[in-house]
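These notes are about the structure you will find just below.
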Number of protein chains: 2
Amino acid sequence: MSTPPLNIVVIGGSAAGPKAAAKARRMDEHANITIIQKEADLSMASCGYPYYVGGVFDDRNQLICTSAGIVRDPNFFNAAKRIEAKVLTEAVAIDRNTKTVTCKHVPTGELTTLAYDKLVIATGASALYPPIAGADLSGIYTLHSLGDADAIRAIRDQKQATRAVVVGGGLIGFEVCEALHLAGIHTTVIEKMPSILPFLDHDLALLVANHVRSFDADIITGNGVAAFLGDNGAITGVKLDNGTELPCQLAVVAVGVRPNIALAQAAGLDIGAAGGIAVNEFMQTSDPDIYAAGDCVECTSLITGEKVRAPYGDIANLQGRVIGQNLIAEGSAKFPGITHTGICKIFDYTVGFTGLSATRALALGLDIETVMIAGLDIPPYMQGKLLISKMIADRKSGRVLGFQCIGPGDASKRVATVAMALRGQLTVTDLVNADLPYAPPYSMALDHVITAAQALENKLLGRMQGISVAEVKQRVDHGADCFIIDTRTPAEFEELRLGIGEVLIPQGALRSRLHELPQDKSKEIIVYCRVSLRGYEVAAILQGHGWNNVKVMEGGIAAWPYSREK
Amino acid sequence: MSTPPLNIVVIGGSAAGPKAAAKARRMDEHANITIIQKEADLSMASCGYPYYVGGVFDDRNQLICTSAGIVRDPNFFNAAKRIEAKVLTEAVAIDRNTKTVTCKHVPTGELTTLAYDKLVIATGASALYPPIAGADLSGIYTLHSLGDADAIRAIRDQKQATRAVVVGGGLIGFEVCEALHLAGIHTTVIEKMPSILPFLDHDLALLVANHVRSFDADIITGNGVAAFLGDNGAITGVKLDNGTELPCQLAVVAVGVRPNIALAQAAGLDIGAAGGIAVNEFMQTSDPDIYAAGDCVECTSLITGEKVRAPYGDIANLQGRVIGQNLIAEGSAKFPGITHTGICKIFDYTVGFTGLSATRALALGLDIETVMIAGLDIPPYMQGKLLISKMIADRKSGRVLGFQCIGPGDASKRVATVAMALRGQLTVTDLVNADLPYAPPYSMALDHVITAAQALENKLLGRMQGISVAEVKQRVDHGADCFIIDTRTPAEFEELRLGIGEVLIPQGALRSRLHELPQDKSKEIIVYCRVSLRGYEVAAILQGHGWNNVKVMEGGIAAWPYSREK
Ligand SMILES: Cc1cc2nc3c(=O)[nH]c(=O)nc-3n(C[C@H](O)[C@H](O)[C@H](O)COP(=O)(O)OP(=O)(O)OC[C@H]3O[C@@H](n4cnc5c(N)ncnc54)[C@H](O)[C@@H]3O)c2cc1C
Ligand SMILES: Cc1cc2nc3c(=O)[nH]c(=O)nc-3n(C[C@H](O)[C@H](O)[C@H](O)COP(=O)(O)OP(=O)(O)OC[C@H]3O[C@@H](n4cnc5c(N)ncnc54)[C@H](O)[C@@H]3O)c2cc1C
Ligand SMILES: CC(C)(COP(=O)(O)OP(=O)(O)OC[C@H]1O[C@@H](n2cnc3c(N)ncnc32)[C@H](O)[C@@H]1OP(=O)(O)O)[C@@H](O)C(=O)NCCC(=O)NCCS
Ligand SMILES: CC(C)(COP(=O)(O)OP(=O)(O)OC[C@H]1O[C@@H](n2cnc3c(N)ncnc32)[C@H](O)[C@@H]1OP(=O)(O)O)[C@@H](O)C(=O)NCCC(=O)NCCS
Ligand SMILES: [Ca+2]
Ligand SMILES: [Ca+2]
């Protein structure tokens, strides 16, 4: 070739950066590609840190190696990908006029200058660290870098700490909580907001919280950390906003991340309203020779059309790959946007979500309908496990806008399924008749996703009137005048019951016991069963007999997060 | 209400029939609903028979009960759903003029006549039973009814049979094979066609066959059963078309099903070209007062637009539910069609599929591109398991047309994900950037589905040239003049290798060993590794250095179904 090789410089060496570099290499064997990485390691699977910390595996190198077991160090990048990876090197300035990046070798402070034709900014994000008194005590960590993981893992291995506090009840907070629990450390998660896991609606978040508390782990919500308490420079506890003090030898702060935009900002690149570097669908910044991807950018929500930050490992890789193509063949690849899809394991629950929560949709002023259901992932005879889900749709168009799914069952499959439905802008009616892979080891004859869509369709069509467990609890607490029916069998009632003034009328006995129901056909009647399938059928029967204010308690007892009589 | 209650008669009491009846009841508490069921049982989870036969559970009632454990017998239907279920009652004629059904009580032969306003035909299908000599011997079964399941389960429990033959290598054939294997019976599956599992392309079918053979079970393909051999009226073996004789004390015939259309045909209803009762999207037959659903009908393929039969339990339920609505509110619900999605468990493999196989697409004259890949479902540090997949797309539009996924990994999730993508008519490019739920316990950072789409996109864009394992085998067997490179590490090569004349050039060493490659830049070079990820990268490097005939052996060693040197 007569044209000189392209000079590509990539700032950031974890997910988005190496992905862009690797893809550019596959597109062009002759470009010069350099990765600038501040830290000592490259290509870290950050998402795996909690599992390393918790002892799910012991070899740290597993976090930075290929599926074939080769560690992705500078030698690997050089040999396998002919990419020069400069580690312990920080990019300190971008000069867009001279098209150069000034780099500092971290150990020596030595400055060098690298010229680029095309530049990639993949500086990621930094863990937020709220300005709390006592934050300089030892024993307080974030879990953001591999160094952090090493440090917390060492605490696990030393077996000294017995009590820990996790500040922040988001995804990473709970992954850390579980990891510390596995390490034998009693852990309390402190969340300032009234609800944990902000992408979940409150009703589902309560159920997850109950699950966590069923292990030897605790959660405090609606209460922030006012101060870290210490002795001899080491943490000994935390003091909460309400004055409570909790002893601990370890605190992990996991209150979210802030995009690393300083370099981009100093270089005069546009920053978006959501606080990330602004990019177009080619992942190009306001300077056409500079691309950006990953935790440091914002991108389009395919659900709302807004610009949002999506600090997720999969998104960083997808965006990096788009850049890799555009570096070599400008304008050849687009990143369309995200559907807000994520997941995490919290003890024996999977907690997954895609699209908007009801809370978020309402905050956006959308006119939505929602449904909450419970059911098994596979048949009882195959040892099916419980799933509890909420599906959200636009009331007019019926377009599915969101789905949350939690429980011991296989929620991951259901969330992936609905994520793809969102991607295809499918409606509830499309999902109602979806042809999914059915066999008893893998799903119910009608998969949980289909059942959720059916129940939502029933609500949209006015065939089912729902009431949330929270509303029922409120009714009960305020002594509201409503008639509550548990529609299960006497045996089930003996074993477990809510005790909220309910009358037991098994579904099969209902038609012969209609005289026991309120004479006033417009009186509010609330029905439920274990998951509110029989409850729903009873509601249909009662409606058929003229009662016109019958509400199904959505999700049934399985979705009831409050205390029970039995 | 002043209008008299609607008379609804449903013929067939397993999946589609009861579903239509149950949904109609929820739509209208006052209709008279009667189910006519030939067999003694109702609402049988036929799909669970293999697991009952294999001893996964022991209580037969689990096949006919609700999630709450209530057996769906006529009492249940009466009490819970106010549906009259007449069991051991066969519908023997439909008179469309008088709108009546003639029923025969099976034990007594007594005939009665039932009047209907609306009729549902859900007569299902019957197991095909090829006219083979000796078919009247005892010890020969199908697994279609609950009675069949009882009988084969009894053989398991008696522990007398040691050798069995399964005639037919489809879904049910292999489920039976596994069940008999679990029962300690050595089983051979006989398939007349050259390939098992007709919905799979041959390359994937071979891998499944290898997996089955790795257990104490055998498969014979391209050879039919010519005769059942017997002694004293009991089966002692089978004789194959090629003369081979196999001893056995048990044979299970599973060569497919034939829709039960006799009643409909005799009543003069239209039968479609695919052999099922013809229905429109409301599931209405050529008589607007008669609906039909399930294994006895044909419906629309959303992929090809053709009318097809889809004898699956999920489809029967979906269609039944559509009828339930239309019975009460005519024209209120549509069944759009199917996407050919199915799955089964075969020993430790999951075998799933959606859309068209390559074979089928080519037979339809479609211009397609395909790719085969292998990879893990979740990261190695989380104990990821192998998946092997084939994705098929329309070459011009890029629309995804099909996906097959097999292996010990979680194929069920991937098939559900792509099934939904097919439903949304998504393209390969849409899938390439899908926002799926990522966390290490649930997927790779870029899920297997995304990787498959990326590889397919690479082929569509001419960035990767592929070659199938079958073509490579052919090249090797014919001593073709090509240069074959294994791109793994020496350690991997020591442990396991194909021995097809390959040269070991680890990916990381390639650039310094380019002189070892053929001088002739247009010489065919075939590269692979364990899964052909590194193989693909090596191909990109070679292309960058001017070799223009470099092919990646798709799926790598993981997809190689033939014998290996080591
Ligand atoms: C504990 C934990 C668990 C997670 N779990 C999940 C999960 O389950 N699923 C999921 O989707 N996501 C998860 N994430 C998020 C995911 O890891 C990130 O979204 C992803 O790593 C972002 O990739 P990135 O390349 O944009 O940024 P980063 O991974 O943050 O990488 C940026 C790199 O750039 C370097 N850098 C920054 N500035 C400079 C500079 N000026 N010069 C040189 N180098 C610089 C940094 O040192 C860093 O290594 C998790 C994150 C953590 C910490
Ligand atoms: C062993 C086995 C495993 C399977 N595995 C799967 C699987 O994993 N996934 C999947 O999707 N599908 C599977 N299937 C297929 C699934 O079971 C069928 O698609 C489903 O049962 C069809 O439902 P249906 O109601 O249309 O017909 P059927 O279930 O066949 O029911 C029809 C009923 O009608 C009755 N009947 C017929 N004629 C008359 C008459 N004239 N009068 C009165 N009654 C009549 C019959 O006795 C029968 O009970 C499997 C089937 C079998 C046998
Ligand atoms: C690994 C990393 C360096 C990217 O390198 P990469 O070479 O692009 O990634 P992989 O080794 O997975 O190779 C992927 C390529 O092989 C292809 N491929 C994968 N399996 C294949 C198979 N079986 N057959 C053919 N091609 C295959 C993919 O399509 C992709 O190619 P493309 O992008 O050109 O389409 C970067 O993602 C990284 O650093 N990751 C670790 C950190 C991280 O992701 N953290 C966040 C989450 S924890
Ligand atoms: C069970 C059978 C009789 C159908 O009866 P059914 O009452 O429609 O089925 P279910 O008991 O599952 O009830 C489903 C209803 O409850 C609703 N539902 C389920 N879970 C719910 C929940 N947690 N909250 C609210 N509604 C719920 C569903 O949406 C559906 O209502 P809809 O159709 O009005 O939308 C029929 O499917 C059958 O006989 N099945 C067994 C045989 C079979 O399927 N074989 C083939 C596969 S092996
Ligand atoms: Ca995601
Ligand atoms: Ca299906």
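The values are calculated or read from the model by the stated rules, or taken from the named source; none is laboratory data. Computed from a predicted structure; not experimentally measured. Cβ atoms come from the backbone with ideal geometry, glycine included; neighbour counts cover every protein chain shown.
Details
- Residue in the stretch A:181-200 that is within 14 Å of chain B (Cβ to nearest Cβ), under 25 Å from residue A:48 (Cβ atoms), part of a helix (DSSP H, G or I) and away from ligand 5 (no atom under 16 Å from the Cβ) present: yes
- Residue within the stretch A:414-432 that is within 7 Å of chain B (Cβ to nearest Cβ), surrounded by fewer than 23 Cβ atoms within 10 Å (Cβ to Cβ) and within 18 Å of residue B:319 (Cβ to Cβ) present: yes
- Residues being at pLDDT 95 or above and closer than 26 Å to residue B:195 by Cα are represented in the stretch B:500-508 by at least one member.
- Residues (β-branched (Val, Ile, Thr) and either in contact with a Lys or Arg (Cβ under 8 Å, 6 or more places away or on another chain) or in contact (Cβ under 8 Å) with a residue 24 or more places away in the chain (or both)) located in the stretch B:72-111: B:83, B:87, B:89, B:92, B:94, B:101, B:106
- Matching entry among A:350, A:370 (being under 20 Å from the mean Cα position of the chain (by Cα), under 23 Å from residue A:198 (Cα atoms) and crowded, with 24+ Cβ neighbours inside 10 Å): A:350
- Identity of the residue in the stretch B:356-396, among the small types (Gly, Ala, Ser) and in contact (Cβ under 8 Å) with a residue 40 or more places away in the chain, that ends up farthest from residue B:536 (Cα to Cα): B:361
- The single condition from (1) within 11 Å of another protein chain (Cβ to nearest Cβ); (2) farther than 17 Å from residue B:126 by Cα that residue B:278 fails is (1).
- Residue in the stretch B:102-118 that is surrounded by 20 or more Cβ atoms within 10 Å (Cβ to Cβ), among the hydroxyl-bearing types (Ser, Thr, Tyr) and either away from ligand 3 (no atom under 16 Å from the Cβ) or farther than 26 Å from residue B:64 by Cα (or both) present: yes
- Residues (in contact (Cβ under 8 Å) with a residue 24 or more places away in the chain and farther than 26 Å from residue B:388 by Cα) located in the stretch B:498-515: B:510, B:511, B:514
- Positions within the stretch B:147-170 being under 22 Å from the mean Cα position of the chain (by Cα) and surrounded by fewer than 20 Cβ atoms within 10 Å (Cβ to Cβ), in sequence order: B:148
- Any pair with Cβ under 6 angstrom, 6 or more apart, that starts in the stretch B:484-497 at a residue that is in the same structural domain as residue B:514 (by TED's automatic domain parsing) and ends at one that is surrounded by 12 or more Cβ atoms within 10 Å (Cβ to Cβ) and in a helix (DSSP H, G or I): B:487/B:507; B:487/B:534; B:487/B:535; B:487/B:538
- The single residue among A:310, A:227, A:274 that is outside any loop (DSSP other than H, G, I, E, B), out of contact with any Leu (no Cβ under 7 Å at 6 or more places or on another chain) and not basic (Lys, Arg) turns out to be A:227.
Listed here are the residues, each with its yes/no results for (1) surrounded by fewer than 19 Cβ atoms within 10 Å (Cβ to Cβ); (2) away from every other protein chain (no Cβ under 14 Å).
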residue	(1), (2)
A:250	no, yes
A:256	yes, yes
A:265	yes, yes
A:287	yes, yes
A:300	yes, no
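- Residue match in the stretch B:72-80 (condition: at pLDDT 95 or above and of a type in the set (Gly, Ala, Ser)): yes
- For residue B:210, the criteria (1) surrounded by 17 or more Cβ atoms within 10 Å (Cβ to Cβ); (2) outside any loop (DSSP other than H, G, I, E, B) hold in every case but one, which is (1).
- Condition met for residue A:324 (away from ligand 1 (no atom under 16 Å from the Cβ), of a type outside the set (Asp, Glu), more than 11 Å from chain B (Cβ to nearest Cβ) and out of contact with any Ser or Thr (no Cβ under 8 Å at 6 or more places or on another chain)): no
- Scope the stretch B:361-380; condition facing another protein chain (nearest Cβ under 9 Å) and either at positive phi or of a type in the set (Gly, Ala, Ser) (or both); matching residues: B:375
- The stretch A:381-402 - residue that is out of contact with any strand residue (DSSP E or B) (no Cβ under 6 Å at 6 or more places or on another chain) and crowded, with 18+ Cβ neighbours inside 10 Å and, of those, nearest to the other protein chains (Cβ to nearest Cβ): A:381
- Just one of the numbered conditions (1) more than 16 Å from ligand 2 (Cβ to nearest atom); (2) under 27 Å from residue A:432 (Cα atoms) is not true of residue B:379: (2).
Yes/no per residue for (1) more than 16 Å from ligand 1 (Cβ to nearest atom); (2) within 14 Å of chain B (Cβ to nearest Cβ); (3) touching a Gly at 6+ places or on another chain (Cβ under 9 Å):
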position: A:441; (1), (2), (3): yes, yes, no
position: A:450; (1), (2), (3): yes, yes, no
position: A:460; (1), (2), (3): yes, yes, yes
position: A:469; (1), (2), (3): yes, no, yes
position: A:473; (1), (2), (3): yes, no, no
position: A:476; (1), (2), (3): yes, no, yes
position: A:485; (1), (2), (3): yes, no, yes
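- Selection count where residues are touching a strand residue (DSSP E or B) at 6+ places or on another chain (Cβ under 8 Å) and either under 16 Å from residue B:94 (Cβ atoms) or of a type in the set (Asp, Glu) (or both), scope the stretch B:288-316: 10
- Count of residues meeting criterion [within 8 Å of another protein chain (Cβ to nearest Cβ) and in contact (Cβ under 8 Å) with a residue 60 or more places away in the chain] in the stretch A:403-413: 2
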